[in-house]
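The structure appears right after this line, and notes come after that.
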Amino acid sequence: DKGGYPHFMLKEINEQGAVLRRSMLDRIFHGEVDLSRELSWSSESAKRIKRLHLVACGTSYYAALVAERLIERFSDLDIRVDIASEYRYRDIPIGNDTLAVFVTQSGETLDTLAAERFAKEKGARCMAITNNGLSTVAREVDDVLSLKAGPEIGVAATKTFMGQMTVLYLMGLYLLKLREELSLGDEMRLVREMEVLPYKVESLIDRADEIKAIASRYCEARDFLFLGRGFSFPIAMEGALKLKEISYIHAEAYAAGEMKHGPIALLDRSVPVVVVMPDDNLFEKTLSNVQETKARNSPVIAIATEGRKSILGQAEDVMWVPKTDMELNPFLAVIPLQIFAYYVALAKGKEIDQPRNLAKSVTVE
Ligand code: F6R
């Protein structure tokens, strides 16, 4: 049931405030994360972990990349994030000092399942973050955290990405806390701001018409570049993936600093560049990439924090996002990109909920 929406994807985009609330429910108490009802971790077992591996495919992989950036800010864990189909064919040190977290919406992705079996074989403690607690991956691991996002019907993942980032953040904060690597001040600052995110997400969704208008101006483009640094790099990748999946437009994402090492050769007035640049410690660096882009005549579509008026003279179009803490920008910056991909695909008359060649869960290698 599409609940009155023309597509499941739009319905699911609209559910993201609720998904955030549900994913945090019974996991936060008085401003502190507590997952002891769901995980049997102790402070001792958490401190014995030396390596943290986050393993996933597609959109789930991008959620893992966002979480890596949070956890590494506070921890001396050896963290790596891998694409599941690569992880198991490499010679990576894995042992009983390794916590391997498999992020999979469906819990049935064969690449992720095979990676989980590989890590388990090598003695890692395995955990699943999934929207299906009854799935194959969930049944095989030591620990499970559910997204509680509700069924996602649209092939393009939207609300489950939001749920994955939320649960990965809670898992990361809880792990850091047990390891005594996170101060109460940082924990309470992040948790308090996470609790406000649903309202900010909803305020963004209420302004979808602004994004629709921007989408109508760019839907004829054949190629797009997406750029971002730090927390915004995985969001640039997710924005490009959403666009290519449902509109079939070629879209590539780069770390903004990499543009001058090759992709800048592609730029001209026919290639719009989406720059994910909400306020953070790297804003000025990304701004210099915007200037390089403009010098090649490519139109810039910026995702920027409300109030950053200086961007108006630099970008053709701006998708505004509310202010939040640097670590939480991804939760807001992804929303306009989902809406943008939706309206570009709609303008092109594509099959939004069931794009060609794609299946909701990929059970072949
Ligand atoms: C993107 C998308 C895919 C999945 C990927 C992993 O919109 O849906 O890239 O994210 O196939 O699927 P799960 O999370 O079920 O393992």
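In whole Å and largest first, what semi-axes does the C-alpha gyration tensor of region 153-199 yield when each eigenvalue is scaled by 5 and square-rooted?
The three semi-axes for region 153-199 are 26, 14, 5 Å.
Note that region 247-358, at 37 °C in a medium of 0.692 mPa s, gets a Stokes-Einstein diffusion coefficient of 217 µm²/s from its Kirkwood radius over C-alpha pairs. Note on region 206-305: Kirkwood hydrodynamic radius from all Cα pairs is 13.5 Å, rounded to one decimal.
The mean of 1/r over all pairs of different alpha-carbon atoms in region 224-280, once inverted, gives a Kirkwood hydrodynamic radius of 11.4 Å. Taken along its principal axes, the alpha carbon cloud of region 279-326 reaches lengths of 32, 19, 13 Å, longest axis first.
So between Lys47 and Asn281, what do we pick up on full extension, going 0.36 nm a residue minus the alpha carbon distance?
Working: separation 234, 0.36 × 234 = 84.24 nm, distance 3.00 nm.
Once the chain is fully extended between Lys47 and Asn281, it gains 81.2 nm.
Taking Leu65, Leu170, Leu134 in turn, the Gaussian network model of the chain (Cα-Cα springs below 10 Å) assigns the largest fluctuation to Leu134.
Considering only Cα-Cα distances, which of the following residue pairs are longer than 29 Å: Lys148/Lys200; Lys2/Lys348; Lys2/Lys242; Lys50/Lys360; Lys294/Lys360? Table pairs above 29 Å Cα-Cα are Lys50/Lys360; Lys294/Lys360.
Between the helical axis of 184-205 and the dominant principal axis of the chain, each derived from Cα atoms, what acute angle in degrees is found, rounded to the nearest 10? Approximately 40 degrees, to the nearest 10. The gain in end-to-end length when the Ser40 to Arg222 segment is fully stretched comes to 60.5 nm, 0.36 nm per residue minus the alpha carbon separation. Along the charge dipole of region 24-130, pointing to its positive end and built from +1/-1 on Cβ of Lys, Arg, Asp and Glu, which listed residue (Cys57, Asn96, Leu110) has its Cα farthest out? Sorting the options by dipole projection puts first Asn96.
Between Lys309, Lys47, Lys122, the GNM of the chain built on Cα springs shorter than 10 angstrom shows Lys309 fluctuating the most.
If you restrict to DSSP beta bridges whose two residues both lie in the chain, what percentage is antiparallel, to the nearest 5? Looking only at bridges with both residues in the chain, the antiparallel portion is about 5 percent. Put simply, the amide H of Met319, placed in the peptide plane, has neighbours under 5 Å in Ala302, Ile303, Ala304, leaving out anything fewer than 5 places away on its chain.
Comparing Ile92, Ile71, Ile28 in a Gaussian network model of the chain where C-alpha atoms under 10 Å apart are linked, the largest mean-square fluctuation is found at Ile92.
Taking packing as the residue-averaged number of other Cβ atoms within 10 angstrom, the listed peptides 51-61, 159-169, 72-82 run from highest to lowest as 159-169, 51-61, 72-82.
Distances over 25 Å make up what percent of all Cα-Cα pairs in the chain?
52
Extending 7 Å from Cα along the Cβ direction at Ser270 and again at Glu140 yields two label points whose distance is 4.6 nm. With one equal scatterer per alpha carbon and no solvent term, the Debye-computed log10 I(q)/I(0) for region 1-93 at 0.16, 0.18, 0.24 1/Å reads -0.97, -1.10, -1.28. For region 112-226, dividing the convex hull volume of the Cα atoms by the residue count gives 184 Å³ per residue. The peptide list 298-308, 222-232, 281-291, 103-113, put in order of mean Cβ contacts within 10 Å with the highest first, becomes 103-113, 222-232, 298-308, 281-291. Were the residues from Ala213 through Glu252 laid out at 0.36 nm apart, the gain over their Cα-Cα distance would be 11.8 nm.
Rounded to the nearest 20, the Cβ-based charge dipole of region 111-219 about its Cα centre (Lys and Arg +1, Asp and Glu -1) stands at 140 debye. At a Förster distance of 35 Å, what's the computed FRET efficiency of Gln354 paired with Met188, Cβ-Cβ distance as r, to 0.05? With R0 = 35 Å, the Cβ-Cβ based efficiency is 0.20. Each principal axis of the Cα atoms in region 52-102 has its own extent, and those three values, largest first, are 30, 28, 13 angstrom.
Read the figures in this text as sums done on the coordinates, not as results from a lab. Computed from a predicted model, the values in this text were never measured in an experiment. Here Cβ is always computed from backbone atoms with ideal geometry, including for glycine, and neighbour counts include all displayed protein chains.
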